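One structure below.
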Amino acid sequence: MRRKMIVTLAACGLLTTGLLTGCGREAAAPSEPPREVIEGSDASGSSAQTEEEENTDVAGADSAESSQNDMPGMTMQFGYDGPIYTVELEDNDTAATLADFAVRGEYNLPIYTYENYENEDVLQFYDIPSRYEIPDDPQHYTEEKAGELYYSYPNRVILFYQDAQIEGDYTKIGTLTTTEGLVDAVRDNEPLEYWDCLVIPVRVIE
C-alpha cells in the first residue's frame with residue numbers, strides 16, 4: 001500500500017505517562033466531552049444443549065469467557081464533539097498491547113495530512129511512535145469490512161470506515177460494534193482550531 005499520509009505521532013511526543021496529547025501541546029479537551037456511546041446490537045444467539053453436552057463443554061466455555069473478559073472495551077471518537085464508537089477488541093497480543101498503552105491514560109491521535117492520500121475514501125490510519133514495540137501476527141487480507149481495525153507493521157493502525165478490497169498483510173485488532181453514521185463521522189471531523197489537525201480520542205473502558 002502506498003503510504004502518502006504521514007501521521008507524525010512520534011514527532012509530537014504523544015505517548016506520555018498517563019496521557020497522549022497532540023500537536024506538541026497540552027490537549028485542550030472540553031471539560032465534559034460527549035459520552036453518548038454508539039452501541040451495536042447483540043447478534044449472539046443460543047441453542048439448546050443436553051445436560052451431558054453442557055457438562056462436557058463447561059470447562060472450555062468458562063476458559064474462553066475468562067479469556068474474552070480479560071480484553072478491555074475501547075472507544076474511538078471523531079473529534080471532541082463527534083460521535084463515539086465502541087470497539088470490540090480481538091483477543092490477541094497486538095490488541096492487548098495497544099490497549100495497555102491506552103489504559104494508562106488517553107490517546108489523542110492527531111492526523112496532520114488528512115486529505116488526498118491513497119484509499120482515503122475507505123480508510124484512515126494512525127501511526128504510533130516507533131519506540132514502542134508492538135507484537136503482530138499478520139494474515140494476508142484481500143477484503144475488509146467497514147468498522148474493522150487492523151495493525152500494519154510498522155506501528156500503524158488502520159480503520160476501514162467503508163468496505164474495501166485492498167490486499168495487504170495485517171493483524172486484526174478489533175471491530176466497531178456498529179458502523180451507523182461512520183462515514184459521516186470520519187468525513188465531518190473538523191481540524192482543531194489553532195492546531196490545524198484532526199484528533200481521534202481513544203479511551204479504554206475498564
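FYI, it's all coordinate maths here, none of it is from the lab. Keep in mind the model is a prediction, meaning the values are calculated, not measured. Positions of Cβ are generated from backbone atoms using ideal geometry, with glycine treated the same way; all protein chains shown enter the neighbour counts.
For E115 and Y194, what does the FRET efficiency come to when R0 = 22 Å and r is the distance between their Cβ atoms, rounded to the nearest 0.05? Present the calculation step by step, with values, prior to reporting the outcome.
Numbers: r = 19 Å, r/R0 = 0.87.
In this case the efficiency is close to 0.70.
Let me check I've understood the local charge: for D163, count other residues with C-beta under 13 angstrom from its C-beta, Lys and Arg +1, Asp and Glu -1. What total comes out?
Values: positive: K145; negative: D121, E143, E144, E148.
Value of the local net charge: -3.
Would you calculate the convex hull of the Cα atoms in the range 62-206 and tell me its volume per residue in Å³? Intermediate values should be presented prior to the final figure.
Numbers: hull volume 17.4 nm³, N = 145.
Hull volume normalised by residue count: 120 Å³.
Taking amide H positions as placed in the peptide plane 1.01 Å from N, state which residues far from K172 in sequence (5 or more) or on other chains have amide H under 5 Å from it.
Placed amide hydrogens put Q139, Y151 under 5 Å from K172.
If packing is taken as the average count of other Cβ atoms within 10 Å, what order do 150-156, 187-193, 173-179 fall into, highest mean first? Write out the running numbers ahead of the final one.
Working: 150-156: 18.1, 187-193: 14.0, 173-179: 21.3.
The packing order, highest mean first, is 173-179, 150-156, 187-193.
Stretch D169-R131 to full length: gain in nm at 0.36 nm per residue minus the Cα-Cα span? Intermediate values should be presented prior to the final figure.
Working: separation 38, 0.36 × 38 = 13.68 nm, distance 2.15 nm.
Working it through step by step, the gained length comes to 11.5 nm.
Once label points are set 7 Å from the Cα along Cα→Cβ at both E180 and D100, what is their separation, rounded to one decimal in nm?
Result for the modelled spin labels: 3.6 nm.
Need one number: the % of Cα-Cα pairs in the range 135-185 sitting beyond the 16 Å mark.
On the way: 464 of 1275 pairs.
When all Cα pairs of the range 135-185 are counted, 36 percent exceed 16 Å.
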